[in-house]
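What follows is one structure encoded as structure tokens, with my remarks underneath.
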């Protein structure tokens, strides 16, 4: 079965053309931070392949056999808003259930349920992670994704419970924790239920560093499209690549979406004997703009953020 350009959800290597997910960041630096027992932040804009990269990191760490690594998406706790008990309960249950799905420490589900019954959720996360670290025969690397989706006191409680266990690592708390999201923790502006504003940096002052996932380079764009040529024999005109770079600046979703438009949505181009010309690329670009895809709206909304707009203006100047 022919692979295709991915425009939704994490990369599935068997199905999608893709750039090696661990090459999307400085993997050597990540490994060093983990080995040094650091707690750190990995952030990237939406639709840049962050989840795919985190899943690849989990697989690579577990396959190496030195750590017990787990990726957990805690976005569901956003629905709790300022209800700390509900939010932290969701986080504890999600960590435990995700661990069970991946066959990691199945006892965590029972431990989480008991902790949430016996005590308030405000301290349950610290206890859960401590129990897990003491049960595990390997140091734990925990990746918490969508942390910045949380709000108010729920987010503050999460950060402070992690900070509370930090000194007990690695024997009674995770060896390394990676907080993942769209923004750096220092940019969090958290409004408590008492209308107090707390910055993420002050609530999580144990952070060692922040790593950023960027866009594709021009070389990576060419390598991605070459995979389609190698698999199908269909070529892309050399003249479209400068336009593709100018239009996307390597934004991964846009690069993949345009590839999908050219190779599949353009029905005539499903005939792989036909080369994809610059004119076909320009037509695909116009169709994508007219489609008003949700991801395009998200990218547009991101450009309206004062900090992003200021950066873009600086580059233009």
With a Förster radius of 25 Å, plug the Cβ-Cβ distance of residue 23 and residue 278 into 1/(1 + (r/R0)^6) and report the FRET value to the nearest 0.05.
0.30
Cα→Cβ-extended label distance, 7 Å offset, between residue 64 and residue 149, nm
2.8 nm
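Can you work out the FRET efficiency for the pair residue 222 and residue 270, with r the C-beta to C-beta distance and R0 = 25 Å, to the nearest 0.05?
On the way: r = 22 Å, r/R0 = 0.89.
According to the calculation, E is roughly 0.65.
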Multiply the residue gap between residue 160 and residue 100 by 0.36 nm, knock off their C-alpha separation, and tell me the result in nm, one decimal place.
19.1 nm
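Each value in this text was obtained by applying a stated rule to the coordinates, not by laboratory testing. All figures in this text were calculated on a predicted structure; none of them were measured in a lab. Note that each Cβ is placed from the backbone with ideal geometry, even for glycine, and that neighbours are counted across all protein chains shown.
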